[in-house]
Amino acid sequence: MRGIRATVSPARRNVLAAVLALAAAVLAAVAGVPRERAAADAATNGSFFFGNTTGTPVTALTVTEGQAACINIHRGGGTAGSQQVRVDRTSGPAADVSGFASMYVSFSAGQVNRTIDFPGGIGSCLLTVDNSTNDGTRTVTFKINEVVGGGAIGTSDTFTLTILDNDGPPKYSFQAATSSVVEGNVTHQVGVVREGSTAGTDSVTCQLAGSPGTATPGAGNDYTFSNQTITFNQGETGPKYCDVTILDDGATEPSETIVLTFGSASSGFGPGTQITHTVTIVDNDGPGTLQFASATYTVNEGAGTVNIAVTRINGSSGSASVQCNVSAGTATPGSDYTAVTNQLLSWGPGDTMTKSCTISIAQDSLVEGPETINLSLSGASGATLGTQTTAVLTILDDDGTGVIQFTSATYTGTEAGGAITITVSRTGGTTGAVTVDYATSTGGSNPATAGVDYVATSGTLSWANGEGGTKSFTVTPIPDTLTEGTETVILTLSNPTGGAVLGSQSTATLLISDSTIIPVITTIVPNVGPTAGGQTVTITGQNFTGATSVTFDGIPCTSFTVVSATQITCVTPPHAAGVVEVVVTTPVGSNVTTGTANDYIYTTGPTVLSLTPSEGACNGATVVTVTGTGFTSSGMTVAFGTVQAVFTYISSTTLVAVAPVQGAGVVDVRVTTPAGTSPNTAADDFTCTGTPIPTVTGLNPTSGPIGTTVTITGTNFTGVTSVTFGGVSATFTVVSSTQITATVPAGTPPGVVDVRVTNAAGTSPNTSADNFTNTSTSTIQYTLYRTFTLIVWTGADNKPIAQAIGGTQAGTTNVSALIGAIWLFNPQTQSWAGYFPGTENVPGANDFTTFRAGTAYFIALRPTAPATVSWVAPAN
């Protein structure tokens, strides 16, 4: 037998050197690509940078730990092709951003916006970790380092995420450093947020700073203001709002300022990140400013003419005028539109009406895609030019497959008003069938939280060949009892198919206004009962005063009592088994039925209404009293999660069970009788105290050879005692309760293996998230001689012989046709046992079928075999 060899031949070394030389030459060639080539690439495939959905660079964001950070990457310029944008974390603790290190953000053709989504799916944004440590404000920086598939990196390629602590004493900050408002009789709201602990109810005073700014307070002047107490209830971080009343004073004056700060606080007040706020009042009594109403406009090729809105804002004294001009973008004057030069727009004294710059659009039969015209304002007289002095008009082709976009930049709805309809249009051509994907995500000035404030949604809209017009999807808000102002949801279109392209309005914002007037149901206790009805339930919520009816699936309660504005008791009516909606109606309206808070379950089987105690050690010694209905003295079982429990039947409404042994966590206590199993409700939740079992949610990287360092993310990693790859113990370091680094150990089987983490409570469940591909190949080499060769098997124990000699694994050789027999001598019985290749399917032909590690075998080659045979066998 020859030893195991791991060598690289001179020939292979020469090939490796040639490959490295070629790679160096390619890199040198790439490094020499002219900058003009990169600029052309950006024009075709886009320039990728950190910015908002309209393309304004945004390079910083502040969130409270535990919140999702929606960091948007915008694609400017061309939108051809599909690109992968690599974003790296360049500084700051990985543990604060769910272990994020690096990822590729995918853009499909036509897509202009994508958020960094980690560790969840598209639209989930970057999840920050809510720890229990008082670790202050932290910053994490990110950088766009690579664009794969064409395109360039824009100038705003770095981003700073500030994470506010929520564990220290409460601190208060203004949501922004500055804001502006046009003079007028309006209320201007300034956002205030709470950092640090949110465990209690705290308040802070919003007041004028010692140097209150240049504006004059008081009636008849610029503004009125009085000190305001801003209160944060338990769990609230804001924003809450400090109100300033802005007055219209009739005087022509420059912009003036108001400076706000914080006064006394109820507890734990310390300086936050932004303790002053400057409000700039823009005068509306002068001649005003003239500007385009928007930075972008669109028109269909067959529209004939388009009117471009130009506004006069912030004043209207005297007459004013401005000239509108048009220059070619990608559209061609004469064939696509009629050129406009010095078109005069005029306003009289006091006139603030929007004026229009009119452009004639030509119709043609060419399939040419969207084309652009550049607009500009100049020669202002009697007023000054505003900030939006240029704009771009996009002509949508009506001869091709079409342009898909939202019909509006903003959509609105109320928190308690039910589903909100979002419309998407196909214009500029209807040739062929096309589709587009849509999705919601968290973001905006006051972001709504998916699953808390609205139901996240995604899907695909389709248009048939020849079909234009609009399609729609809905977003459903979730009502609550919190005063939280108008919240925002980001809407995104992506992945157009069939040759369609995304228009300029490929993103939009949904504004959900707060609603605390109609009834809101937060809990029903109990929320399960018999089909015969007759059960008294307590409904808790808000705005119940004057309730005129309470119904279960439209059937009135047998009786009900309005106990207070927040509580109603009622007796359930009879109903067939199933889940029904409970609706409280007042003269103002009825509660909405989205979510599950207003669900009631009718059942013919048992119910679990309460557990005493509802938590304890699951060690086989904790006695739990279960109260409910429909319990039986025979044919009944009780389970805590999936583990059967020992119990004693007391009556049809009471039993006593012992919490069985299992790891920490929340489990459902379910009772099963011949009539069925109790429905799963919050009342049957039992919390097993102690150490929770770890879970693995991700690996980075997910493949590599032995020796690779792998970052494992998950939960409950504190106190971990072992990490295994395919059952082989690995060296590891516990970085935090959610992160471990481990090294792929020698002996790990090749191919896909499970990475399992173990602590005192148990081992992480086996899921697809823990799959790791070991790319190492391990072999053993034997030299066989005719006729007999004695070997000792040093590979895996119980290795099937058919696999070992059949060359079924990468890098091994098939010698099955050259071996006549394999013999094994038993010294105890002084007898021989044999294995004969090719007879595996013949009953009784072989005495053994696997190789045992460390065991000696005689290998007999066939007479027709070569004198020596090199056998490369699998080590695993």
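Computed values, structure above
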| quantity | calculated |
| --- | --- |
| Which of GLU236, GLU368 is most accessible, then next, and so on - probe 1.4 Å | GLU368, GLU236 |
| Options SER559, VAL667, ALA746, ranked by Cα towards positive dipole end of the chain, top entry (Cβ charges) | ALA746 |
| Segment 54-98 versus segment 482-547: alpha-carbon centroid distance in Å | 28 Å |
| Scaled radius of gyration (Cα, divided by 2.2 N^0.38 Å) that segment 680-768 gives | 1.18 |
| Distant-in-sequence amide H partners of GLY66 (H built 1.01 Å from N, under 5 Å) | THR128, VAL129, ASP130 |
| Calculated FRET value between ALA621 and THR691, using beta carbons and R₀ = 22 Å, to 0.05 | 0.85 |
| Using distinct alpha-carbon pairs, which all enter the 1/r mean, Kirkwood radius of segment 66-179 in Å | 15.5 Å |
| Full-extension gain in nm, SER317 to THR566, via 0.36 nm per residue minus C-alpha separation | 84.3 nm |
| Volume of the Cα convex hull of segment 366-434, divided per residue and given in Å³ | 138 Å³ |
| The chain: angle of helix 10-31 to the longest principal axis, Cα-based, in degrees nearest 10 | 0 degrees |
| Segment 221-359: projected area of the alpha-carbon convex hull, averaged over directions, in nm² | 13.9 nm² |
| Long-range amide H partners of THR486 with built H, under 5 Å | ASP514 |
| Solvent-accessible area, 1.4 Å probe, carbon plus sulfur percent, for segment 337-430 | 52 percent |
| Extension reserve of the SER614-ALA833 stretch, reckoned as 0.36 nm per residue once the Cα distance is removed | 72.6 nm |
| Added length on full extension, which subtracts the Cα-Cα distance from 0.36 nm per residue, ILE555 to ALA80 | 165.3 nm |
| Cα-based convex hull, segment 151-300, per residue volume (Å³, whole number) | 198 Å³ |
| With DNA, RNA and ligands ignored, accessible area of ILE490 (1.4 Å probe; Å², nearest 10) | 30 Å² |
| Size of segment 546-597 as Cα extents on the principal axes (Å, biggest first) | 30, 24, 16 |
| Degrees, to the nearest 10: 35-45 long Cα axis against longest axis of the chain | 90 degrees |
| Cβ-derived FRET efficiency at R0 51 Å, THR44 paired with ASP754, nearest 0.05 | 0.70 |
| Percent accessible area from carbon and sulfur atoms, segment 435-555, protein chains only, probe 1.4 Å | 52 percent |
| Residue list for segment 755-782, given a label point 7 angstrom along the Cα-to-Cβ vector of VAL872 and an amide N cut-off under 12 Å | 777-782 |
| Size of electric dipole in segment 191-258: Cβ of Lys, Arg +1 and of Asp, Glu -1, about Cα centre, debye, nearest 20 | 300 debye |
| Residue (of GLY99, GLN828, GLY220) at the positive-pole extreme of the chain, dipole from beta-carbon charges | GLN828 |
| Surface share of carbon and sulfur [accessible, 1.4 angstrom probe, percent] for segment 809-876 | 58 percent |
| In segment 494-584, chymotrypsin sites (Phe, Trp or Tyr not before Pro) in a DSSP loop with at most 15 other beta-carbon atoms within 10 Å | none |
| Per residue Cα convex hull volume in Å³ - calculated over the chain | 266 Å³ |
| Taking only Cα atoms of segment 452-513, radius of gyration then Dmax in Å | 15.0, 47 |
| Per-residue [θ]222 nm for the chain (sum of -39500 (n - 2.57) over DSSP H runs n ≥ 4, rounded to 500) | -1500 deg cm²/dmol |
| Kirkwood hydrodynamic radius of segment 810-876, from inverse mean 1/r over distinct Cα pairs, in Å | 13.4 Å |
| Where only alpha carbons of segment 410-565 are counted, the Rg and the Dmax (Å) | 20.8, 63 |
| Sorted peptide list for 836-846, 410-420, 129-139, criterion being average Cβ within 10 angstrom, highest first | 410-420, 129-139, 836-846 |
| Solvent-accessible area of GLU615 with every protein chain in place, 1.4 Å probe, in Å² to the nearest 10 | 110 Å² |
| Projected label distance in nm at THR585 and THR59, using a 7 Å step from Cα toward the beta-carbon | 5.9 nm |
| Nitroxide proxy distance, nm - points 7 Å out along Cα→Cβ at THR715 and THR358 | 6.5 nm |
| Spatial separation of Cα centroids for segment 670-741 and segment 228-258, in angstrom | 48 Å |
| Spacing of the two label points (7 Å from each Cα toward its C-beta) at THR252 and THR421, in nm | 4.9 nm |
| Tensor-based shape of segment 583-732 (alpha-carbon gyration tensor, a/c under 1.5 rounded, otherwise prolate or oblate) | oblate |
| Å² per residue, accessible surface of the chain at 1.4 Å | 44 Å² |
| Long-range tail of P(r) for segment 325-388 (Cα pairs > 14 Å, %) | 65 percent |
| Förster radius 30 Å - calculated FRET efficiency between THR273 and SER226, Cβ distance, rounded to 0.05 | 0.70 |
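The values are calculated or read from the model by the stated rules, or taken from the named source; none is laboratory data. Note that the structure is a prediction, hence the values are computed from the model and not measured. All Cβ positions, glycine included, derive from the backbone under ideal geometry; neighbour counts span all protein chains shown. Surface accessibility is based on the protein's heavy atoms, side chains included, excluding ligands, DNA and RNA. Shrake-Rupley method; radii C 1.70, N 1.55, O 1.52, S 1.80 Å.
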